[in-house]
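What follows draws every value from the coordinates through simple rules; no lab data is involved. Not measured: the values here are computed from a predicted model.
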């Protein structure tokens, strides 16, 4: 009986933590981490303010964990296998799509990244989080490009450098699309990223 109760308790704590992180992602994206109040997160998540304070020692810790949580949710989408017959270029096109600030969850993810960039530039303790998240994105792109080289769909290239190039393109064009630059909306950003990336990879 004790072990079963304990199991339910662990599950309940995990669910509460997930709700807190979901709420934090929404509120940080909407208001910025400096304006987010613990009480608001608690109300949004349906938990006590004390529980939120227990899990997050500081705003930096809250931002770092919200980003990790957001990335994990996005990772569930990213690891879905491609349809049968889809090649490396189709996979890369889908990856580019998932990394643009499209309305909804992807735009919220972008707003969290902007918060991370600003705070990590000033606070060394957040730089490890930024490096870890960028490292995972780099590996995702480098693996896809290397697989395309193996299948012959992409000419031989340095997959690591090509991955860095892809991420730099997405960061640069994505920011302009995020701030609603009238000269470069999300559709234009998609076209420009894809044109530059395929040119770099030597494919049509």
> Where is the GNM fluctuation largest for the chain (alpha-carbon springs, 10 angstrom cutoff): 47, 186, 96?
Replying inline: 47
> Quick one, which of (1) 58, 46, 30; (2) 45, 37, 31; (3) 77, 41, 28 is the actual Cα extents along the principal axes in Å calculated for this model?
Replying inline: (1)
> Using helices alone, what [θ] at 222 nm do you get for the chain, with -39,500 (n - 2.57) per DSSP H run of 4 or more residues, divided over all residues and rounded to the nearest 500?
Replying inline: -25500 deg cm²/dmol
> Hey, what angle do you get for helix 105-122 against the long axis of the chain, alpha-carbon based, 0 to 90 degrees rounded to 10?
Replying inline: 80 degrees
>> What is the angle, in °, between the Cα long axis of helix 186-201 and the longest principal axis of the Cα atoms in the chain? Nearest 10 is fine, range 0 to 90.
In response: 50 degrees
> Counting pairs of alpha carbon atoms under 8 Å apart in space and at least six apart in sequence, what relative contact order in percent does the chain give?
Replying inline: 18 percent
